[in-house]
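Report on the structure given below.
The values are calculated or read from the model by the stated rules, or taken from the named source; none is laboratory data. Just so we're clear, the structure is a prediction, and the values are computed from it rather than from any experiment. Here Cβ is always computed from backbone atoms with ideal geometry, including for glycine, and neighbour counts include all displayed protein chains.
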Amino acid sequence: MVKKTVQVLLCQDVAKLGKNGSIEKVAIGYARNYLLPNKIAIKATHKIIKNVEKQALINEEKLKQNLELAKLKKVFIESIKKITIKKKVGKENLIFGSVSDKEIASLLLNKTGEIIPKQNIILPEIKTTGIYPIVLQIHSDINCELLLQVIPASV
């Protein structure tokens, strides 16, 4: 009896089959007539399979380390509890302009030494002086909450 399936390593994402870098079992005709000639996949040898498994373990370990670092970063940042920013104000404590995520990122860098990308800072709309909750996305699974105090800048 002839073997009807073969394992291939995908070189790019294929709909309804798998993602780039994954090892999949496919029909031998599909591999021989479409995947291999179009360089969408390569035949998975024992050596390639071992390398892919080894790389998967390394990637999993890196993810665990990044998660642990993110947890430590969260504890460190939440120990601050509140950051303060001074803004020019007009009548009824309305601020001129707005508080931007770029300003918050530079405040956090000065206060903690931690670099938080501005895309990971979630701010409410701030129009007046007061205390506002802000959310920092440290990791895809870990968010951190801080209080932002907006006070009038002395002239």
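If you go through the range 108-137 and pick out every residue that is closer than 20 Å to K74 by Cβ, surrounded by 13 or more Cβ atoms within 10 Å (Cβ to Cβ) and at pLDDT 90 or above, you end up with 9. What single numbered condition from (1) assigned by TED's automatic domain parsing to the domain that holds E125; (2) out of contact with any Pro (no Cβ under 8 Å at 6 or more places or on another chain); (3) polar (S, T, N, Q) fails to hold for N93? Going through the list (1) assigned by TED's automatic domain parsing to the domain that holds E125; (2) out of contact with any Pro (no Cβ under 8 Å at 6 or more places or on another chain); (3) polar (S, T, N, Q), N93 breaks only (2). Checking each residue in the range 6-24 for being exposed (fewer than 14 other Cβ atoms within 10 Å of the Cβ) and either under 19 Å from K54 (Cα atoms) or outside the structural domain of V52 (by TED's automatic domain parsing) (or both) picks out K19, N20. Do we have K62 as at pLDDT 95 or above and within 30 Å of N110 (Cα to Cα) here? Yes, satisfied. A single member of K39, K43, K62, K50 is touching a residue at least 24 places away in the same chain (Cβ under 8 Å), in the same structural domain as V26 (by TED's automatic domain parsing), charged (D, E, K, R) and loosely packed, with under 11 Cβ neighbours inside 10 Å, and it is K39. Scanning the range 1-17 for residues that are under 15 Å from K39 (Cα atoms) and outside any loop (DSSP other than H, G, I, E, B) yields a count of 5. Consider V2 carefully, then state whether it is of a type outside the set (G, A, S) and surrounded by 14 or more Cβ atoms within 10 Å (Cβ to Cβ). Here the answer is no, as V2 does not meet what is asked.
For the condition surrounded by 14 or more Cβ atoms within 10 Å (Cβ to Cβ), touching a residue at least 40 places away in the same chain (Cβ under 8 Å) and more than 23 Å from the chain's Cα centre (by Cα), what is the one hit in I104, I85? Write out each step before concluding.
Values: I104 fails: more than 23 Å from the chain's Cα centre (by Cα).
Among I104, I85, only I85 is surrounded by 14 or more Cβ atoms within 10 Å (Cβ to Cβ), touching a residue at least 40 places away in the same chain (Cβ under 8 Å) and more than 23 Å from the chain's Cα centre (by Cα).
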